[in-house]
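For reference, the structure discussed in these notes is given below.
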Amino acid sequence: ERSALGEILSIGIPVMMQDGFIQVSFMIITIIANHRGLTDAAAVGIVEKIISFLFLVPSSMLSTVSALGAQNIGAGKHDRVKQGFHCGMRIEAAYGVLIAVVCFSGAPFIMKLFVTDPEVVHLGVRFLRTVSLFYLMPAFTNGIQGFFRGIGDLKVTLVSSTFNMVFRVAAAAVFVLVWKMEIEALPYSYAVGWVVMLLYELPML
């Protein structure tokens with residue numbers, strides 16, 4: 001029982017820390033967005049909810065790739081681990097392209113489902129269309145995270161997520177508070193975090 005408890009904690013604590021960092025970064029970015037005024041903050045809040053909903057599928061795929069990898073490593077079928085990872089990445093990429101097209105083309109309709117204020121809708125459309133240009137990157141990072149969780153290398157997932165959040169928050173602070181960029185500052189800061197995350201993860205593969 002003690003060994004099982006140790007294994008559960010060794011897996012659970014890094015995942016908990018990773019999810020905690022993500023939530024803290026969202027809080028900080030919301031605080032940064034508030035410096036641009038209530039209208040911008042309202043648009044950011046709505047788009048964040050939309051993104052969280054859209055990313056349920058990639059998050060589920062992350063869990064699926066993790067479970068498949070762990071099961072096949074336990075069974076000694078390492079080739080199936082690779083096959084599962086490659087299949088998962090193709091699904092992630094296809095979904096990333098799909099939601100990018102939907103968000104870019106349907107941004108006005110999506111925003112009007114949640115708010116009627118024309119200015120908030122306008123800002124939300126700009127945010128949603130800009131961030132949709134980078135949706136392939138989180139699709140890939142989700143698949144890679146699932147692979148590393150499946151093989152039990154949680155150090156990579158924790159470090160890469162920490163890099164993502166730290167650079168995302170730092171970029172948002174510079175773009176908004178120093179460079180005084182408009183609403184596009186935040187999706188660009190997300191892109192910075194995803195790029196740094198991939199630069200760390202890809203060589204580890």
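The values are calculated or read from the model by the stated rules, or taken from the named source; none is laboratory data. No experiment lies behind these values; they were computed from the predicted model shown. Please note: Cβ atoms are built from the backbone with ideal geometry, for glycine as well, and neighbour counts cover all protein chains shown. For accessibility, only protein heavy atoms count, side chains too; no ligands or nucleic acids. Shrake-Rupley method; radii C 1.70, N 1.55, O 1.52, S 1.80 Å.
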Given (1) within 30 Å of His35 (Cβ to Cβ); (2) free of Cβ contacts under 8 Å to residues at least 60 places away in the same chain, Leu202 misses just (1)
Six or more apart or on different chains, Cβ atoms under 8 Å: show the pairs whose first residue is in region 50-67 and in contact (Cβ under 8 Å) with a residue 60 or more places away in the chain and whose second is aliphatic (A, V, I, L, M).
Ile50/Ile110; Ile50/Leu128; Ile51/Val131; Pro58/Ala139; Met61/Ile91
Which count do you get for residues in region 160-196 that are part of a helix (DSSP H, G or I) and either surrounded by fewer than 17 Cβ atoms within 10 Å (Cβ to Cβ) or under 14 Å from the mean Cα position of the chain (by Cα) (or both)?
25
All but one of (1) in contact with a helix residue (DSSP H, G or I) (Cβ under 7 Å, 6 or more places away or on another chain); (2) assigned to a helix (DSSP H, G or I); (3) open to solvent by 60 Å² or more (accessible area, probe 1.4 Å) hold for His86; which doesn't?
(1)
Among the residues of region 123-156, which ones are within 18 Å of Glu182 (Cβ to Cβ) and surrounded by 15 or more Cβ atoms within 10 Å (Cβ to Cβ)?
Leu123, Gly124, Val125, Arg126, Phe127, Leu128, Arg129, Thr130, Val131, Ser132, Phe134
